[in-house]
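What follows draws every value from the coordinates through simple rules; no lab data is involved. Since we're looking at a predicted model, the values are computed, not measured. Note: ideal-geometry Cβ built from the backbone for every residue, glycine included; neighbour counts use all protein chains shown.
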Amino acid sequence: MSSLEPISSQPLNREEFIYLEMGFAGTGAGGKEFFSRNHFGTKDSIRAMREKQNNTGLYRSAFMYDNMDPYNSNLFGDFFMDFDSEEDLELARQDLLFVIWRLNLKTGFNLPMDAFRIYFSGKKGFHLTIPWQYFNIEPHAQLDRIFRWIAEDLHRTSMNQTIDLVIYEKRRLYRMENTIHQRTGLYKIPLQYDEAAHASMEEIQQLALKNRYIRYQEPVLVPEAAKRYRKYVEDYNT
């Protein structure tokens, strides 16, 4: 594997990662669809973008950057996964629940159920986010590759192979929470675990007809999860 040396030789401060990229999908003249990106700013820029684009077809970078040039920036962010199945959402759901089961195992990462931020994407799948605090994730120039290394391991043992591994790249844009999918008209919404596990797809899509908020417990460090995460980093670098 390639070296995991950060771009900067100085210790990296999480508070310096304030920059992100945004993009949006739309329909132009003659009904032709387009996608616009390279809109850089900070989290404070998101509100204005939501208003300008009527909260529709909006994306943001999965990572935060410590400068405005992603290719020459270190990366920081929460761990994320995407489960997609165009033909059958149930297949994506099964893989989502399997991954949660593996990460929750006491002999594995031992993550509490509240660590899992589950989303219906508004179209063909589910997203899973785990706040960085649970793993004690540190900024790094190749954080995208580290995340992929973990996702590949989970993908190998998943039943339906719906985990999207293409998303792990520095400039990957990810659909924003509680924004409207430009084609389906459905929102990307958070789900409780019981809803993700037991609600019918029709019920989930009904929930996605409007925006939705869930209050989570404050993220905390889980020593077992941090230890396992660190082992993945070390294995990647050997």
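Summarised as an ellipsoid, the range 128-238 has semi-axes of 29, 17, 15 Å, derived from the eigenvalues of the Cα gyration tensor scaled by 5 and square-rooted, with the largest first. Structure note, pairs K32/K123; K52/K124; K170/K227; K123/K188; K32/K188; K124/K188: Cα-Cα distances above 18 angstrom occur for K32/K123; K52/K124; K170/K227; K32/K188.
Using the Karplus curve 6.51 cos²θ - 1.76 cosθ + 1.60 with θ = phi - 60°, work out ³J(HN,Hα) for each residue of the range 183-191 in order, rounded to whole Hz, and write x for Gly and Pro. With coefficients 6.51, -1.76 and 1.60, one gets 9, 8, x, 9, 7, 7, 10, x, 10 Hz. Between amide H atoms placed 1.01 Å from N, distances below 5 Å from Q182 occur with G57, all of them 5 or more places distant or on a separate chain.
Placing +1 on each Lys and Arg Cβ and -1 on each Asp and Glu Cβ, with no other charges, gives the chain a dipole about its Cα centre of roughly 400 debye. With each run of n ≥ 4 DSSP H residues scored as -39500 (n - 2.57), what mean residue ellipticity at 222 nm is computed for the chain after dividing by its residue count and rounding to the nearest 500 deg cm²/dmol? So the helix-based figure for the chain works out to -8500 deg cm²/dmol. Sort out for me the Cα centre separation of the range 24-59 from the range 212-238, rounded to whole Å. Each part's Cα centre sits 31 Å from the other's.
Which of the trypsin sites (Lys or Arg not before Pro) found in the range 150-214 are in a DSSP loop and have at most 11 neighbouring Cβ atoms, other than their own, within 10 Å? Counting only loop positions with at most 11 other Cβ atoms within 10 Å, the trypsin sites (Lys or Arg not before Pro) in the range 150-214 are K210.
All Cα-Cα separations within the range 42-103 were binned at 5 Å from zero, giving a P(r) of 3, 14, 15, 14, 17, 16, 15, 7, 0, each value a whole percent of the pairs. Amide H contacts for H39 (H built 1.01 Å from N in the peptide plane; partners 5 or more residues away or on another chain; cut-off under 5 Å): M22.
So for the range 18-154, what percent of the C-alpha to C-alpha distances run longer than 20 Å? Tail fraction, whole percent: 57. Working from the pairwise distances between different alpha carbons, so that the mean of 1/r is found and then inverted, what is the chain's Kirkwood radius in Å? Evaluated over the chain, this radius sits at 18.6 Å.
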